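Here is the structure we will look at, set down as structure tokens.
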Amino acid sequence: MQTALALSTHNLMPVTQRPDVILLTHLNRDALPSALIALDGVELLGTASLRVNDMDILTELAPWLGRVYVPKIHRQKGIAPQLVNAVEQKALALGYRSLYLIYL
């Protein structure tokens, strides 16, 4: 899979919804947006999303890897790379050959 990196520190879409509302819109298995959640029992280890777009610029590019998060207590355990790999595999399964990321 080709992974592209877009760098920008402006024109980001503001988060105006509650996180639980955003999550509900990402509970898709075979469509975008889709959230992946790593759990140990009921304990959250991390999350990552596959989204149509993540900003109000570069809207012609899709899909985007976004909202990668691992709680501080679980960092340095290899969870984020596993989540990113899972998002890449999901994108491939959905027929995408490129994946975009913004790094701030």
If you check V52 against the conditions, is it surrounded by fewer than 16 Cβ atoms within 10 Å (Cβ to Cβ), under 12 Å from L101 (Cα atoms) and out of contact with any Gly (no Cβ under 8 Å at 6 or more places or on another chain)? yes
Pairs where the first residue, in region 89-104, is within 14 Å of R51 (Cα to Cα) and the second is part of a helix (DSSP H, G or I) and not acidic (D, E), C-beta under 8 Å, 6+ apart: L99/V87; L99/A91
Over region 71-88, the set of residues free of Cβ contacts under 8 Å to residues at least 12 places away in the same chain and part of a helix (DSSP H, G or I) is K72, I73, P81, N85
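Yes or no: region 73-94 includes at least one residue that is in contact with a helix residue (DSSP H, G or I) (Cβ under 7 Å, 6 or more places away or on another chain) and surrounded by 12 or more Cβ atoms within 10 Å (Cβ to Cβ). So that I can check it myself, show each step before the final result.
As a first pass, look at region 73-94 and keep what is in contact with a helix residue (DSSP H, G or I) (Cβ under 7 Å, 6 or more places away or on another chain): none.
No; the residues of region 73-94 include none that is in contact with a helix residue (DSSP H, G or I) (Cβ under 7 Å, 6 or more places away or on another chain) and surrounded by 12 or more Cβ atoms within 10 Å (Cβ to Cβ).
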Residue satisfying all of: in region 10-69; within 21 Å of A91 (Cα to Cα) and in a helix (DSSP H, G or I); modelled with the highest pLDDT among these: T25
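The values are calculated or read from the model by the stated rules, or taken from the named source; none is laboratory data. From a predicted model like this one, the values you see are computed outputs, not experimental measurements. Every residue, glycine as well, gets a Cβ built from its backbone with ideal geometry; the counts of neighbours run over all protein chains shown.
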